[in-house]
Amino acid sequence: ARKSDVIWACSDSFYGIIGYALSREYKVPLVFDLYDNFEYFLAARLPVVKQLYRRVLRKCDAVTCVSTPLSHLVACYGRKGAIAVLENAVSKDRFRPMKKQEERAALGLPQNVRIVGTAGALEKNRGFPALLEAFDKLKAEFPDVHLALAGPRDVLIPKGDRIHDFGILTYDKVPSFLNALDVAVICMRDDGFGRYCFPQKAREIMACGIPLIAARVGSMEALLADHPSWLFTPEDPEDLARAIKNRLEDSYTSYSDIPSWSDIAAELEGLILKLLHEKTSSQ
């Protein structure tokens, strides 16, 4: 830290607190990066940590947030300085449109059916059970609709010839999985995590050109504001089933510009260079 031009602290509240102490000790600017609402994590629930965390957010040289709602939350803590929103982006060389039939064949999925699915945390605290219930409501009405799932889970995945469970896929297989879908679903709860995150999978789904629906909460509500029928009430199986049915017919995927990680890196570089310029000017 003593030899650094800038300290960039991330990963959890502890690291921001440590980074702030080092930045003040060595007179080095601190950028505190929030890729989620760290107050939702266990560390910030420990005595004194939350208070120190909020103090660092008020006092550090710059804050980067993964979503606009999270930047508003940080401002509510009394921060007066810079807050930059750097949303999640995508590796466009990896996540891109592929031929659906080929990807289904590679994954062993049936061809002449419609497949709804999700890849990510299949967990209660993400509102995932609503997708299982929604599929139960749809499968009798639509005999050609199947469900494909991949990711860590804390719920039991039902067995059935129309449910395809891939367990935990390696990262390089995720683009193939997404491109095999007819509709990709992002489940989320309206809680301290869901309201302030920006799901990475949203950009990945869009980059693959797959019809998307998402829970109506936080950054997803803003991202899909021009397409309200693509949103569903969090943890509401009836509304989720409605959104799936609509999206199976509405396959529009002309999404707006999707940022790459290079785009986000350029924004971060600009912020850091500005801090360095300000430091030099004040000396």
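The values are calculated or read from the model by the stated rules, or taken from the named source; none is laboratory data. Just so you know, these numbers come straight off a predicted model, no measurement behind them. Cβ coordinates were reconstructed from backbone atoms using ideal geometry, including for glycine residues, and neighbour counts include every protein chain displayed. The protein model used for the area step is the full one, side chains on, heavy atoms only, and it has no ligands, DNA or RNA in it. Shrake-Rupley method; radii C 1.70, N 1.55, O 1.52, S 1.80 Å.
Given the residues 90, 56, 63, which is the only one that is aliphatic (A, V, I, L, M), farther than 26 Å from residue 188 by Cα and either in contact with a Ser or Thr (Cβ under 9 Å, 6 or more places away or on another chain) or surrounded by 17 or more Cβ atoms within 10 Å (Cβ to Cβ) (or both)?
56
Only one of (1) within 25 Å of residue 283 (Cα to Cα); (2) more than 21 Å from the chain's Cα centre (by Cα) is not met by residue 32, so which one is it?
(2)
Pick out the one residue from 212, 181 that is open to solvent by less than 10 Å² (accessible area, probe 1.4 Å), under 15 Å from the mean Cα position of the chain (by Cα) and either basic (Lys, Arg) or closer than 23 Å to residue 260 by Cβ (or both).
Going through 212, 181 in turn, the sole match is 212.
Kindly indicate whether any position in the range 60-70 is part of a loop (DSSP other than H, G, I, E, B), under 16 Å from residue 202 (Cα atoms) and either polar (S, T, N, Q) or at pLDDT below 95 (or both).
At the first step, the residues of the range 60-70 found to be part of a loop (DSSP other than H, G, I, E, B) are 60-61, 66-67.
Narrowing the set further to residues that are under 16 Å from residue 202 (Cα atoms) leaves 66-67.
Within this subset, residues satisfying the condition of being either polar (S, T, N, Q) or at pLDDT below 95 (or both) are 67.
Within the range 60-70, one or more residues are part of a loop (DSSP other than H, G, I, E, B), under 16 Å from residue 202 (Cα atoms) and either polar (S, T, N, Q) or at pLDDT below 95 (or both).
Check off (1) open to solvent by 30 Å² or more (accessible area, probe 1.4 Å); (2) out of contact with any helix residue (DSSP H, G or I) (no Cβ under 6 Å at 6 or more places or on another chain) for residue 104 and give me the number that stays unchecked.
Of the numbered conditions (1) open to solvent by 30 Å² or more (accessible area, probe 1.4 Å); (2) out of contact with any helix residue (DSSP H, G or I) (no Cβ under 6 Å at 6 or more places or on another chain), the odd one out for residue 104 is (1).
Out of 167, 120, 127, report the one residue that is more than 18 Å from residue 203 (Cα to Cα), of a type outside the set (Lys, Arg), under 25 Å from the mean Cα position of the chain (by Cα) and surrounded by 13 or more Cβ atoms within 10 Å (Cβ to Cβ).
127
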